[in-house]
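A.B. asks: Below is a structure I'd like to ask you about.
The values are calculated or read from the model by the stated rules, or taken from the named source; none is laboratory data. All figures in this text were calculated on a predicted structure; none of them were measured in a lab. Glycine gets a Cβ as well: all are built from the backbone with ideal geometry, and neighbour counts include every protein chain shown.
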Amino acid sequence: MPYVDLVAVGDRVRVSTPVSAENNGYIEECLPRETQFGRIRMDGWRQVIVANLEMLLIIFAARHPTLKLRMLDRFLVTAEASDVEPVICINKMDLAKLENVQRELKLYEELGYKVVYTSIVTGLGVDGLREVMQDKISAIVGSSGVGKSSLLNALQPGLQLRTGEVDTRVHKGRHTTTEVMLLPLAFGGFVADTPGIRTLGLLEVDDEQGMDIHFPEMRPYIPDCKFAACTHQHEPACAVKWAVETGNINPLRYESYLRISGFKEGRYERNTDKRRAERNPRRRKR
């Protein structure tokens, strides 16, 4: 599957020596990436949005546009697969009651994900988010209209990033950021401001490794499944399905797993033998 760009924002490159004030040199080599965050676009092209990330700030609005937990799950899976620390940020908290939103996000906090609640109107959580981002290379991602650029303007006054309002007819944001920008932060580190993402095809999920490993609540049960390449959908003696039935795994998260797995439907069967061999070296053919 082809890539849109050979070089992405955040890449470390080797450049030729400038020969004049007008010539900034040429990129000679793109150094190996430690991490990358990207997606598979609707046209099938692979797009690396930001390279060499340490933290992915996943921004949602408490209201306008509506908080979509399934989209959040897709971002979390991508972060887990990319070996990037995910931080959930719920913005526009001036439009909702804190206890109501915290109740909705309680599951994710119990799973060990860091959740920050912010409002640029009241100043809630802005200082705390600044501490989280300090001295790290971060990227802010989320749908249009959740307040990504406004939040960056509040974190570092003087950026003057363009902002926009949510379309009140459909409660969706309008794109104001049209390209990825890596911005230096006065309090240390860098942050990439990204365009709004409404769909997220998973770029970094390894079919041979399996989708389940990127759901932390499933990991303890995977070794107890009867079949090494269990997809936790139709197989008998599945420990993950048992955990769902007994309340040890939230059914909404399990449904997200099924939906995300369905996005890549067909690849499980093609890689079943390889996954079985990877998880059970003793069963490999000699």
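A.B. asks: Would you mention how many residues in segment 231-247 are assigned to a loop (DSSP other than H, G, I, E, B) and either among the charged types (D, E, K, R) or in contact (Cβ under 8 Å) with a residue 12 or more places away in the chain (or both)?
C.D. replies: Summing the residues that are assigned to a loop (DSSP other than H, G, I, E, B) and either among the charged types (D, E, K, R) or in contact (Cβ under 8 Å) with a residue 12 or more places away in the chain (or both) in segment 231-247 gives 6.
A.B. asks: Give me the pairs: first residue in segment 10-37 and of a type in the set (A, V, I, L, M, F, W, C), second residue loosely packed, with under 10 Cβ neighbours inside 10 Å and assigned to a loop (DSSP other than H, G, I, E, B), beta-carbon distance under 8 Å, and six or more apart or on different chains, which are they?
C.D. replies: Here the result reads Cys30/Leu6, each pair linking segment 10-37 to a residue that is loosely packed, with under 10 Cβ neighbours inside 10 Å and assigned to a loop (DSSP other than H, G, I, E, B).
A.B. asks: In segment 142-154, what residues are at pLDDT 90 or above and in contact with a Phe, Trp or Tyr (Cβ under 8 Å, 6 or more places away or on another chain)?
C.D. replies: Val146
The rows are residues; the columns are (1) of a type outside the set (Gly, Ala, Ser); (2) surrounded by fewer than 20 Cβ atoms within 10 Å (Cβ to Cβ); (3) at pLDDT 90 or above; (4) in the same structural domain as Gly210 (by TED's automatic domain parsing).
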site	(1), (2), (3), (4)
Glu22	yes, yes, no, no
Val48	yes, no, no, no
Ala51	no, no, yes, no
Leu57	yes, no, yes, no
Ala79	no, no, yes, no
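A.B. asks: Within 24 Å of the chain's Cα centre (by Cα) and modelled with pLDDT under 50, is that true of Tyr254?
C.D. replies: It is false that Tyr254 is within 24 Å of the chain's Cα centre (by Cα) and modelled with pLDDT under 50.
A.B. asks: May I ask you to list the residues in segment 107-134 that are touching a strand residue (DSSP E or B) at 6+ places or on another chain (Cβ under 9 Å), under 17 Å from Arg253 (Cα atoms) and loosely packed, with under 13 Cβ neighbours inside 10 Å?
C.D. replies: Once the filter is applied, which keeps residues that are touching a strand residue (DSSP E or B) at 6+ places or on another chain (Cβ under 9 Å), under 17 Å from Arg253 (Cα atoms) and loosely packed, with under 13 Cβ neighbours inside 10 Å, segment 107-134 yields only Glu109.
A.B. asks: Read through the list (1) acidic (Asp, Glu); (2) assigned by TED's automatic domain parsing to the domain that holds Leu129; (3) modelled with pLDDT of 85 or more, then give the number of the only condition that Asp11 fails.
C.D. replies: Condition not satisfied by Asp11: (2).
A.B. asks: Would you confirm whether any residue within segment 24-36 is within 23 Å of Leu57 (Cα to Cα), of a type in the set (D, E, K, R) and out of contact with any helix residue (DSSP H, G or I) (no Cβ under 6 Å at 6 or more places or on another chain)?
C.D. replies: yes
Table: residues versus (1) modelled with pLDDT of 90 or more; (2) out of contact with any helix residue (DSSP H, G or I) (no Cβ under 9 Å at 6 or more places or on another chain); (3) outside any helix (DSSP H, G or I); (4) in the same structural domain as Asn52 (by TED's automatic domain parsing).
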residue	(1), (2), (3), (4)
Gly128	yes, yes, no, yes
Ile137	yes, yes, yes, yes
Gly158	no, yes, yes, yes
Leu161	no, no, yes, yes
